[in-house]
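Have a look at the structure below, then the notes.
The values are calculated or read from the model by the stated rules, or taken from the named source; none is laboratory data. In this text, all values refer to a predicted model and were calculated from it rather than measured experimentally. Cβ sites come from the backbone with ideal geometry, for glycine too, and all protein chains shown count toward neighbours. For accessibility, only protein heavy atoms count, side chains too; no ligands or nucleic acids. Shrake-Rupley method; radii C 1.70, N 1.55, O 1.52, S 1.80 Å.
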Amino acid sequence: MDRSASIRAGDETRESERDVLLQRIAELDRSLEQALVTAEDAQEEARLLAADRIQIEEEMTAQRHEIAALRERLIASETRRAELLDALADSDQRLNTLRRDENHLSEELQTSYEELQVLTEELEEANAALEQRVEERTAQLTESERRFRTLFEAMDEGFLLADVLFDGDRPVDVLYLEMNPAARRMAGEDFVGRRLREISPAFEDHWYEVFGRAARDGESTRTELYAGPLEKWINFYVFKVGAPEQRRIAVIFRDVTERKRTQEQLKQAKETAEAANRAKTKFLAAASHDLRQPIQAAALYAHVLLGSVGSDPIAQESLNRLKASIDSLNGMLSGLLDLSRLEAGVIEVSVSDFSPTALMTRLAEEFRGVAEASSIDLRCRPSRLAVCTDPHLLERLLRNLLSNAIAHGHSKETDAKGRVLVGCRRRADGVEFQVWDNGPGIPEDAREAIFEEFRQLNNPERNATQGFGLGLSIVSRIARLLGTEVTLRSWVGVGSVFSVTVPYALKPEAGAVVVPVANREPRLKGRTVLLVEDDEQVRRSMTMMLKRWGLRVVAVSSAGELAAALPGLRRPHVVLTDYRLPGGDSGRSVVELVRQRWPVPGIIITGDTAPERLREAMSLGCRLLHKPVLPADLAGALGEVLPS
């Protein structure tokens, strides 16, 4: 009986220890719950802690199963002991056997007790480790919260948390939960605990739609919207946070009102500049037309006088000065024409493989006389490398660069002879054409301005012999048309180099390109020209010149006069007409009127450089010449359009 009491006392002790263990487990659960509450904002770490707790609970459950198994074994031992006592009472002969069984059972109980002690120690160690991990996790959560709060308070962007309130699937309001200082500064007040419709019912519907999609569908959005009540443009990023069943969002935003205003000002400035550019184009077209009429007549009369002055030196000098003045005006107007064509987009790019050697040599020979007259040593270093580009546009580009270098490439501050070099360099991406000069150089603050129209350096008196400030602007536009750009390197007091790079030829063995040149002396004699020109001086001078070339001329002053005379006329070989005619008629109406009877070619002469004139002539299949028309250009155009 004493042994039974001892066993029961042991059981009570173990029960008491288990109660203490369970109480500690309960305390552990409460501590864990408190840690979970404290770590609500750090859900990820809380989940890890919960996973640890679940693992420990699983281990405790396994231990409970083991304890239950031991208890069952104890119960079985008690039953067995009772049976042994009964057997002892029944028979002393079995005493020794029962004692042996009792000893054996005691050993098993001792072993079980020792195992229970080992399990208790392991459970205590596990409990201590769990408490340590909880403390570490709590410290980590505290540090994370501190860092988050520091970032939350210090960040320049506004940050807010909010719950989106729905009526079914339709977002109807936004409840603000938290805002950082930057958000309060941008909003002008603290919205925490308030609803958006309460703050201002005037907030636009698009705010609710964007916030609703993020809260309901998890659709993150980065965009810019205008907040009417705040009178601000807001750039923001909204995304879903919290548990899946929650409809909570976070918004990071900043005020971009000033940037929007700047963009709007830039847009208005661009529109103003474009309007000014269109006005400039119209003005140049109108002004050039009014200037070309008298210049056209003067050029034609000068050509007629060329064969009439004889050997009188004074008359020859006067005529040469007259031609120089006309050529100067014509140069300026031709520059305007080139700009107009480039703006009209009617210049077609025809790319081919060719060797630029002949082109560069010909340009050097053409400018050599002008260079010598300006005391400039012109040298050419052509390349045998074949290129792939438009040879006509490349020639125009190099021609303008050479003209500019010769006109401005000699320094007036020194007596050194001017030098101009045109050459080529092999580059990785193509052949680089270069035009060097040893002129005064270009200051850094003027290297962009020189590519603008009518911008010249060191020519305040606008001396026409130095050009009109159109050459480099045309060069820049031609380069863009060819898909490249003009680069400039310059050293003040030393000189400058303009360069442009074009691709290598697809076929390196490409030969020199043949640039077609208009036939200056066509066989025109015996052909009939139908001339329509309202300006009497131009009409008379044009008629005189055409007749000197051996052409028959039928001249009228208007489309109405042409319509009246047309039934009695024989078929002409070509129609030569001014664009602007009395009564609102135009060169187009003249060509269309004549072509109702005969399919004859047409040449339209105009002083209007508007891009529309260029496109209109192309649509009619007519040649378009701009006043003042040089006699050689008119002869070349007639030779091209007249059938052989």
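Ranking E592, E44 by solvent-accessible area of protein heavy atoms (1.4 Å probe, all protein chains present), from largest to smallest, gives E44, E592.
What's the FRET efficiency of R381 with A273 using the Cβ-Cβ distance as r and R₀ = 35 Å, to the nearest 0.05?
Taking R0 as 35 Å, the efficiency between R381 and A273 is 0.30.
The simple spin-label model puts a point 7 Å past each Cα toward its Cβ; for T223 and T262 those points are separated by 2.5 nm. Taking all protein chains as they are arranged and a probe of 1.4 Å, the heavy atoms of E198 leave approximately 120 Å² accessible to solvent.
Counting heavy atoms of the protein chains alone, H104 has an accessible area of about 90 Å² for a 1.4 Å probe. Directionally averaged projected area (the stretch 554-644, Cα convex hull): 6.0 nm². Each peptide in 393-402, 560-569 was scored by the mean count of other Cβ atoms within 10 Å over its residues; highest first, the order is 393-402, 560-569.
Work out how much length Q596 to Q93 would gain on full extension: take 0.36 nm times their residue separation and subtract the Cα-Cα distance, in nm to one decimal.
Values: separation 503, 0.36 × 503 = 181.08 nm, distance 14.98 nm.
Answer, rounded to one decimal: 166.1 nm.
Ordering 158-164, 491-497, 429-435, 64-70 by mean Cβ neighbour count within 10 Å, with the highest value first, yields 158-164, 429-435, 491-497, 64-70. Residues M155, M542, ordered by accessible area of protein heavy atoms at a 1.4 angstrom probe radius and largest first, appear as M155, M542. Note on the stretch 360-411: Kirkwood radius taken over Cα pairs, Stokes-Einstein applied at 4 °C and 1.567 mPa s, translational D equal to 109 µm² s⁻¹. With θ taken as phi - 60° and the Karplus curve 6.51 cos²θ - 1.76 cosθ + 1.60 applied, the whole-hertz 3J(HN,Hα) list for the stretch 254-269 is 8, 7, 10, 4, 5, 5, 4, 5, 5, 4, 5, 5, 5, 5, 5, 5 Hz, x standing for glycine and proline.
R0 = 35 Å: FRET efficiency of V492 with A632, Cβ-based, nearest 0.05?
Efficiency, from the Cβ-Cβ distance: 0.30.
Note on the stretch 111-211: Cα-only Rg and Dmax are 24.5, 80 Å. Karplus-based coupling profile of the stretch 135-141, in residue order and whole Hz: 4, 5, 5, 4, 5, 5, 4, with θ = phi - 60° in 6.51 cos²θ - 1.76 cosθ + 1.60 and x standing for Gly or Pro.
For D169 and S112 in one chain, what is 0.36 nm times their gap in residues minus the Cα-Cα distance, to one decimal in nm?
Going from the current span to full extension adds 14.2 nm.
Structural size metrics of the stretch 533-592, computed from C-alpha coordinates, are Rg and Dmax of 11.4, 33 Å. The fraction of all Cα pairs in the stretch 154-221 landing in successive 10 Å bins from 0 to the largest distance is 21, 51, 26, 2, given as whole percents. Amide H contacts of V553: V529, each under 5 Å away and 5 or more positions distant or on a separate chain (H built 1.01 Å from N in the peptide plane; Pro and chain starts excluded). Measuring r between the beta carbons of D101 and E59 and using R0 = 30 Å, the FRET efficiency lands at 0.30.
Let's see if you can work this out: charge +1 on each Lys and Arg Cβ, -1 on each Asp and Glu Cβ, no other charges. What is the dipole magnitude of the stretch 561-622 about its Cα centre, in debye to the nearest 20?
280 debye
In the stretch 185-243, what chymotrypsin sites (Phe, Trp or Tyr not before Pro) fall in a loop by DSSP, with at most 12 other Cβ atoms inside 10 Å? Show your work: numbers first, answer last.
Details: sites: F191, F203, W207, Y208, F211, Y226, W233, F236, Y237, F239; in loops: F191, F203.
Nothing satisfies the criteria.
Our coupling estimate for the stretch 385-396, obtained by passing each phi through the Karplus curve with A = 6.51, B = -1.76, C = 1.60 and θ = phi - 60°, is 6, 7, 10, 10, 6, 8, x, 5, 5, 5, 5, 4 Hz, Gly and Pro reported as x.
The solvent-accessible area of H392, taken with every protein chain present and a 1.4 Å probe, is close to 80 Å².
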